[in-house]
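Colleague: Got a structure for you, written out below as structure tokens; questions coming shortly.
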Amino acid sequence: MNIKRVPREWKTYEYYDPKVILKKLQKIREDISRTDTPSTIRNLRTNKLKIEREAWDIAIFCYLMSKAIGVDILFSRIENYDYDSIFTWNDGNSQCFAPVQMKELVPEETNPTATLEAIIESLKKYVNSPELIIGIKLNRRIQFVLSSIECNDISVGEIWCFGATMADESRWSLFGDLLTEYKQQYEYELPNP
């Protein structure tokens, strides 16, 4: 996905390499896991840690997308009314940009009634966003059949889901693009700290 006319400010944002950021964040998370810190803090589940939790999710999604398409993608941490980040990469000819909106299927203990279907249904509010990439973090164990996910009447560019497949969050799956006929599942390990 690439926007032809990029807002000028997107070129001025600071962009981060997810491989570098994830190594640093993994080290911090490992250090915290060895303490008696409450699980809400360890899992960045407090309002004061919302920015850090969102940065962690964006970095993981960016890294997984980089691996899936085989191109180094960098991310910004800029929040606007309909996106949480801008991804940028070089396609060999030019610098490309795409807005990214993050969603989360929260843990069951946070909201037991939340569903992936409800999140996908909520994407219908983006009526004029053909370049927007949606990343949905699956933060609970669920089973689903990729081909059975319905994304009718959604006007965004791409929809991807991702979630940890190991308790220590060292291994992740990426599912998508949910808007295409040929949805795929990818498996990757995060970079070691």
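Colleague: Output the number of residues of segment 90-132 satisfying the condition of being of a type outside the set (S, T, N, Q) and touching a helix residue (DSSP H, G or I) at 6+ places or on another chain (Cβ under 8 Å).
Modeller: Counting residues in segment 90-132 that are of a type outside the set (S, T, N, Q) and touching a helix residue (DSSP H, G or I) at 6+ places or on another chain (Cβ under 8 Å) gives 6.
Colleague: Could I ask something else about it? Take the residues of segment 162-179 that are in contact with a helix residue (DSSP H, G or I) (Cβ under 9 Å, 6 or more places away or on another chain) and aliphatic (A, V, I, L, M): which is farthest from E150 (Cα to Cα)?
Modeller: A164
Colleague: Which members of segment 1-22 meet the condition of being at pLDDT 85 or above and among the charged types (D, E, K, R)?
Modeller: R8, E9, K11, E14, D17, K19, listed by residue number.
Colleague: Residue under question is S170, and the condition is that it be over 19 Å from R8 (Cα atoms), hydroxyl-bearing (S, T, Y) and modelled with pLDDT of 90 or more; does it hold?
Modeller: no
Colleague: Got a sec? Which strands (runs of 3 or more DSSP E) wholly within segment 86-193 have at least 2 residues that are crowded, with 18+ Cβ neighbours inside 10 Å and in contact (Cβ under 8 Å) with a residue 12 or more places away in the chain?
Modeller: 95-105, 129-138, 156-164, 171-176
Colleague: Could you look through segment 173-185, keep only residues that are modelled with pLDDT under 95 and hydroxyl-bearing (S, T, Y), and pick out the one that is farthest from I134 (Cα to Cα)?
Modeller: So, considering only residues that are modelled with pLDDT under 95 and hydroxyl-bearing (S, T, Y), the one farthest from I134 (Cα to Cα) is Y182.
Colleague: Determine, yes or no, whether E54 is part of a helix (DSSP H, G or I) and either modelled with pLDDT under 90 or β-branched (V, I, T) (or both).
Modeller: For E54, the condition - part of a helix (DSSP H, G or I) and either modelled with pLDDT under 90 or β-branched (V, I, T) (or both) - is met.
The values are calculated or read from the model by the stated rules, or taken from the named source; none is laboratory data. Note that the coordinates shown come from a computational prediction; the quantities given were computed from them, not determined experimentally. For neighbour counting, all protein chains shown are included, and Cβ atoms are generated from backbone atoms with ideal geometry for every residue, glycine included.
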